[in-house]
Each structure stands twice: as C-alpha cells, then as structure tokens.
1. How much of the calculated P(r) for the chain lies past 41 Å, in percent of all Cα pairs?
2. Which of the helices in the chain, when you take each full DSSP H run, stretch at least 24 Å along the axis at their Cα atoms and have an average Kyte-Doolittle score of 0.0 or higher?
3. Defining a contact as two alpha carbons under 8 Å apart and six or more residues distant in sequence, what relative contact order in percent does region 241-403 show?
4. Within the accessible area of the chain, what % is carbon and sulfur when the probe is 1.4 Å and the other protein chains stay in place?
5. Straight-line reach from LYS221: which lysines have a Cα under 27 Å away, not including same-chain ones fewer than 8 places off?
6. Please calculate how many Å² of accessible area the chain carries per residue, with a 1.4 Å probe and no DNA, RNA or ligand atoms counted.
7. Among the aspartates and glutamates, select those whose C-alpha is under 16 Å from the C-alpha of LYS346, and discard any that sit fewer than 8 residues away in the same chain.
8. Using 0.36 nm per residue of separation minus the Cα-Cα distance, give me the extension gain between THR96 and LYS179 in nm, one decimal.
Amino acid sequence: SKLAALFEHPLYNIPVPEVTEKDKLFIVNPMEKFSLRSSGSDEWVSSSKAETLLPTGKTAYDTYPTWLKFHIGINRHELYPRRDPLLPTLLRDLATQRIVGSVQKSGGTQLKLIMTFPNYGQALFKPMKQTRDQETPIDFFYFSDFERHNAEIAAFHLDRILDFRRIPPVSGRLVNITKEIRDITTDKKLAKTFFISPAGNVCFYGECSYYCSTEHALCGKPDRLEGSMAALLPDKTLAKRRSWRSPWRRSYHKSKKAEWELNPNYCAQVRETPPYDRGHRLLDLIDMTILDFLMGNMDRHHYETFEKFGNDTFLLHLDNGRGFGTHSRDELSILAPLQQCCSIKKSTYLRLQLLATQPYRLSDVLREALATDPLAPVLAEPHLQALDRRLGKVLVAVGRCLAR
C-alpha cells in the first residue's frame, strides 16, 4: 500500500504542538453520558437516567456517538488527528446509518440537503448532477458551474493526503429518493418539488438561486441517487465561525478583473493587512491555493475559521464541489498567491516533492484512498493523471521563486 507507506513517512509524523485545554474547541464534562432510550426511540436520555442503561466499566466518552467524538476532537491545530481511529467508523456511519430526517439547506446557489441520523448526527448531502467523465464546458464561467458530489469526496481525501486535514470527512452514498427524502421530509417547500419523470424515475429540484427547476431536476434510477455525505461541523451557536473574504477572490463579473489580476505587486499590500501581517495565515492561505489548483477549483471566494481560536489557527477548506470539473486544462491563475508572494511552508513543499516521486505518486495514493469509497471509482482516470501534471507545475512555480 503506497498510502500506508506515505503516512508512515517521517514528513507525516512531524509532531503537532501540544494541545492544552484552551486549544480545544469544546471543554467536555467528563461525567456527562450520552445514551438513546433502550425502547428504540430517538430520545437523548439525561445523565442520571443513562446510568441504568450503561454496561458497567464504560466511561462517559465511550457512550458518545462517533460524530460527537469528532466534534470534541477539534482543536486549534487540526480538524482531526493524523492517525484518527474514529475516521473509518465516521465514514462508515455517513455511508450506512439510517436517515430519519431530510430538509433542504437554506442559502447557497444549488440544492443541498441536511440529513439527520437516529443518534442526532447530521450530514450535508450533495446530490449527483453530472457523470464522472463530463467536463465543464470551456465557455462556462466558473461561478455558474455545477457542484459535483464526487469532487467533495475526492477533495476530502486529497486534503488528507496533503496532510492539511482541514476538510470534514466525506463519504459517497446511494440514497433512495422515495424512502430517504420524499417520505420523511418535513420541508414543505422541498416536498412540493417531487415528480415522476416521463421515463418513470422519481425526481425533485428544491428551491435555490441556480439550477432548481424541472429542467435541472435530480432524478433517480428509478429512485436511487448518488451523492456525497459530509459530516457537519458543530452548530454555529455552539462553536462560532468567522468568514473571511479571500484577498485573491475573483471578481464574479463577466468582464471586470480583480485587483490581484492587474497588480503584480499585489502581495506586498496583502502582507501589510491583518491578519496576513503576522503568524502563519498567509502560508495557510497558500496551502489552500495549492489544494485548489490541484483540483482546478476557481470558486474559493471565502474561507472560515473557528472564532474561539482567533487568528492563530487553521483555515477550514469547505465547499469543494466546483473542483475536478476539468482535466484537460490547468488554471494557473489559481496559483496567484504562491506566484506573487513567493512563500510556502517548508513542510508543505517537502511533502509536495515527496508526492512527485514514484513510490508515493500523488495520483496513485489518491486512487488508492478513493477505492474504499462506496461510490468508487470516484474520479475518472484523466482527473488523477492531471493531478501529477499540476503537481509538477506547483513545483516549477516554487523553483522559479527560489531562483529569484
């Protein structure tokens, strides 16, 4: 296994800073136990009643469902640890747990659903909109592109292979539109958009600002639909997140260019602007840029951080559905922060060099990681080959910086 060998490499075993109490997202009461009523209902029993249902010898932590353990594990430095024993279980839960509720997620340009499981866990479901081998048409503006379910799955695994660990776990899943969405939804607006197509398939389209119409309906075969299931982050009422506008945001205009596209010395002014004027924020942004270039994602207008940790923390790499749309073209403008600032973390650079060598080739380790997903093959082969080509271009860009 190339993937196992990669994760054993010294570059993937660099110690993470010690996590103190103030570095944890949540401070948990070690006595509070989590249990569902043994009657089979979905109620959460209070700690006092839970005592009678628990086998002796279990700690309170052992009673927590996997999604809650994931939330408790988030800290200032990482979303989940490198050798996280929870990860396989969490991915399996996303792919197999019974769905007891489904409602449309508000906001956003395209249809997404929030799925609820019997143990209060929730996941964000992005349905399949195009096949693996369809490329985004060359004349499409990036902001009107489809969001792809398989891009969300591949982005999670790529982010982990790069050792960023800033994307919440994502699994593919086959959902039954009739039983797992239509029959259980309490969302009246969503319920009104279901219909049977002329081919006899169950379809729906929801309500949103793009692609929510009968012409862009999502249809099952006859009611089976592929999608990505992403573990939700803790509710914003429990763990506030701050949204930051990316300094290299595109103009989102059909003819206007952004300032960074016109000013070759743009990075100098970014370096003088908080929070990029100190700490590792700019380097973290360049990490995200490299991830986006490898995926071909041009749609990174904002990013988020957990408010509790202030400016000294990692960036959340959320919403990656517009990645992996093209394999035949490389969008070099995505690399502007790296090219203009000529800065990169040493650890990131060394890992990229490692992933360009035969024993750990990026396409091979990602192919291996994706083979375990329920919807494998997740990416068409040309997308995997494009990763190696793009990785070469990132290393060339760093080489030019070093030469300068």
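The values are calculated or read from the model by the stated rules, or taken from the named source; none is laboratory data. Everything numeric in this text was worked out from a predicted model, so none of it was measured. For neighbour counting, all protein chains shown are included, and Cβ atoms are generated from backbone atoms with ideal geometry for every residue, glycine included. The protein model used for the area step is the full one, side chains on, heavy atoms only, and it has no ligands, DNA or RNA in it. Shrake-Rupley method; radii C 1.70, N 1.55, O 1.52, S 1.80 Å.
1. 16
2. Span-like helices here: 381-403.
3. 24
4. Its accessible area is 54 percent carbon and sulfur atoms.
5. Within the straight-line limit of under 27 Å, LYS221 reaches these lysines: LYS105, LYS112, LYS126, LYS129, LYS179, LYS188, LYS189, LYS192.
6. Dividing the accessible area of the chain by its residue count gives 47 Å².
7. Cross-link targets: ASP163, ASP284, ASP287.
8. Length gained, THR96 through LYS179: 28.5 nm.
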